[in-house]
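Here the structure comes first, spelled out in structure tokens, and everything after it is commentary.
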Amino acid sequence: MAEPVDEPSKEPSDPWGKLKGLAGKPALPDNWRLVAGSAVLGLVVAAGAVFAAGPWDNGQRTAERARAAGQSRTGDTAHRGSAAGPAAPAPAPSAAAVLAALNAGRAPAGAAVAPAKELDRLIKASALGTRTTAVVVDTATGKQVYARAAGTPMTPASTIKIATTVAALSELGPDHRIDTTVRASPDLRTVTLVGGGDPTLDEAGLRALARSTAKALDDRKVREVVLTYDASAYSGPARHPIGPNDNIAPVSALMVREGRLDRSDHGPAARSGDPAADAAHLFAGYLKDSGVKTTGEPRSHRPAAKATTLATHRSQPLSALVERTLTNSDNDLAEALARQTAIGAGRPAGFDGARAAVTARLKKLGLPVTGVRLGDGSGLDRNDKVSAALLAGLLARAADPAHPELRPVLTGLPVAGFSGTLDARYGEKSGGAGLVRAKTGTLTGVNALAGTVVDPRGRLLSFAFLTSGTTAPGDAERALDDLATALATGTG
């Protein structure tokens, strides 16, 4: 049976009453909006020039450039393809190609947003299934310019990562880093590898940690130790509700490269059944290479109460982790960020604690959470429920000058036709290529798209389109892309 759909709004509305810091704010001059919107577009236009020049000033961090270039479709359970292993990053899109996209199909300056009747027509596409909800917000004012069943809870799939990353940045700040440490017992006979919840820890980082540990032990004339490991920073269950799956490893506070058993760094892959134990065994080998012998097999055990820290490895800043989460639709990293939010809020770092912490943080930001259920941080749980109003509101909040700490949510969104999970969408002839930045969401029967676009008047719009009952994922994606393109061009 088809699910009921509320009639589309006849006038712009704001069902949650206000967006703190946005609603009620005097409308800014159109030319200011044009400058602000152009800054977002400039992230794409500048990519080619900055590729050779060094760090990206306003887009993704330098360390994420290789991950953003030439990505395959990843993250959601229905995304096709997987990483085949390390390869040279694809060249950044040239300025000329992007500029051509910017000029293609653009309406004259001053044109209105795509007419509501045109959006209504596109939303009625049969490819969008049995139920579609939508919200478009002018981020400069916080006001909706289009709404259809705005507050109806829907399964968001991976667009829930927008909520996860906003909550993490709001709770912890963009400069927060996740530590992996090595601690020694007072008698120096036992060392413990302590996971802090960084799923991006790789072999190079673990090897460097082992070298630093070996040096600290050598300074104390220690050559042999018992090795234990501690992943207790996270509480259970370790298994996601979907069970063993190539889209996510057991959720552990200690793991190397997300527990991947191949050389990939994103996308579906076979995973370790016990990432913490595997990380400890790998660490033992690196200690041996550095001149420290370990006796027996590594075992799970917390460090002694008076243990001292011998060495520490720090993750990239949270801003970079958020960008990677959104660009690659990284499920493991999303679950880690949800638990980091719980830790920051003083809650248990499991599925329940993360749900409570993320929801509470969104409420503090003044966003509509009625009917919201955040069963996980990644969107793999079909029981997740959010509204289009919440997703569009989250993106509007991230664009609010009063919340610069949330900006990585915008800079991490894939660019249509160029990066992340949108790299294979929006062909060269699409009016949305290079203009739309959005997070995708895909589960069986569910397709979603939520992001930002600059309209022909220079207004930065946030949008969210959520569907259910879809039967042809490719057709549904094209229909969603048509909606976002209509916003970019002011037409259908």
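Applying the selection to segment 378-426, what residues are touching a Phe, Trp or Tyr at 6+ places or on another chain (Cβ under 8 Å) and farther than 20 Å from residue 151 by Cα?
Matches in segment 378-426: 416, 417.
Scan segment 194-212 residue by residue and report those that are under 16 Å from residue 349 (Cβ atoms) and either open to solvent by 10 Å² or more (accessible area, probe 1.4 Å) or hydrophobic (A, V, I, L, M, F, W, C) (or both). Lay out the reasoning, then the answer.
Residues of segment 194-212 under 16 Å from residue 349 (Cβ atoms): 194-199.
194, 196 - these are the residues of segment 194-212 that are under 16 Å from residue 349 (Cβ atoms) and either open to solvent by 10 Å² or more (accessible area, probe 1.4 Å) or hydrophobic (A, V, I, L, M, F, W, C) (or both).
Filter segment 147-164 down to the residues that are open to solvent by less than 10 Å² (accessible area, probe 1.4 Å) and not in a loop (DSSP other than H, G, I, E, B) and list them by number.
Scanning segment 147-164 gives 147, 154, 157, 158, 159, 160, 161, 162, 163, 164.
Tell me which residues, restricted to segment 165-193, are touching a strand residue (DSSP E or B) at 6+ places or on another chain (Cβ under 6 Å) and open to solvent by less than 10 Å² (accessible area, probe 1.4 Å).
180, 182, 184, 191, 192, 193
Quick check: is even one residue across segment 478-487 within 22 Å of residue 164 (Cβ to Cβ) and not small (Gly, Ala, Ser)?
yes
Say whether the condition of being surrounded by 23 or more Cβ atoms within 10 Å (Cβ to Cβ) and within 31 Å of the chain's Cα centre (by Cα) is met by at least one residue in segment 213-222.
No, segment 213-222 has no match at all.
When you check residue 351 against the structure, is it within 30 Å of the chain's Cα centre (by Cα), open to solvent by less than 10 Å² (accessible area, probe 1.4 Å), modelled with pLDDT of 95 or more and not aliphatic (A, V, I, L, M), yes or no? Outline the logic, then answer.
On the way: within 30 Å of the chain's Cα centre (by Cα): yes; open to solvent by less than 10 Å² (accessible area, probe 1.4 Å): no; modelled with pLDDT of 95 or more: yes; not aliphatic (A, V, I, L, M): yes.
Answer is no for this residue.
Looking at 204, 208, 167 in this structure, which one is touching a residue at least 60 places away in the same chain (Cβ under 8 Å), farther than 21 Å from residue 331 by Cα and assigned to a helix (DSSP H, G or I)?
Working: 204 fails: touching a residue at least 60 places away in the same chain (Cβ under 8 Å); 167 fails: farther than 21 Å from residue 331 by Cα.
The unique qualifying residue is 208.
Could you check how many residues of segment 211-239 are more than 20 Å from residue 279 (Cα to Cα) and in a loop (DSSP other than H, G, I, E, B)?
Final tally of qualifying residues: 4.
Regarding residue 97, is this residue open to solvent by 10 Å² or more (accessible area, probe 1.4 Å), under 30 Å from residue 337 (Cα atoms) and either at pLDDT 50 or above or outside any strand (DSSP E or B) (or both)? I'd like the intermediate steps shown before the answer.
Numbers: open to solvent by 10 Å² or more (accessible area, probe 1.4 Å): yes; under 30 Å from residue 337 (Cα atoms): no; either at pLDDT 50 or above or outside any strand (DSSP E or B) (or both): yes.
For residue 97, the condition - open to solvent by 10 Å² or more (accessible area, probe 1.4 Å), under 30 Å from residue 337 (Cα atoms) and either at pLDDT 50 or above or outside any strand (DSSP E or B) (or both) - is not met.
Across segment 276-303, what is the number of residues that are in contact (Cβ under 8 Å) with a residue 40 or more places away in the chain, of a type outside the set (Phe, Trp, Tyr) and buried (at least 16 other Cβ atoms within 10 Å of the Cβ)?
From segment 276-303, those in contact (Cβ under 8 Å) with a residue 40 or more places away in the chain are 276-277, 279-280, 282-284, 286-287, 289-296, 298-303; that's our starting set.
Next cut, of a type outside the set (Phe, Trp, Tyr) only: 276-277, 279-280, 282, 284, 287, 289-296, 298-303.
Then keep just the ones that are buried (at least 16 other Cβ atoms within 10 Å of the Cβ); that gives 276-277, 279-280, 282, 284, 287, 290, 292, 294, 298, 303.
Final tally of qualifying residues: 12.
Only one of these is hydrophobic (A, V, I, L, M, F, W, C), touching an Asp or Glu at 6+ places or on another chain (Cβ under 8 Å) and modelled with pLDDT of 95 or more: 336, 311. Name it.
Values: 311 fails: touching an Asp or Glu at 6+ places or on another chain (Cβ under 8 Å).
On inspection, the qualifying residue turns out to be 336.
Residue 257: surrounded by fewer than 23 Cβ atoms within 10 Å (Cβ to Cβ) and either within 19 Å of residue 281 (Cα to Cα) or touching a strand residue (DSSP E or B) at 6+ places or on another chain (Cβ under 7 Å) (or both), yes or no?
Spelling it out, it is not the case that residue 257 is surrounded by fewer than 23 Cβ atoms within 10 Å (Cβ to Cβ) and either within 19 Å of residue 281 (Cα to Cα) or touching a strand residue (DSSP E or B) at 6+ places or on another chain (Cβ under 7 Å) (or both).
The values are calculated or read from the model by the stated rules, or taken from the named source; none is laboratory data. Every value quoted in this text rests on a predicted model; they were computed, and no experiment measured them. All Cβ positions, glycine included, derive from the backbone under ideal geometry; neighbour counts span all protein chains shown. The accessibility values were calculated without ligands, DNA or RNA, using every heavy atom of the protein model including side chains. Shrake-Rupley method; radii C 1.70, N 1.55, O 1.52, S 1.80 Å.
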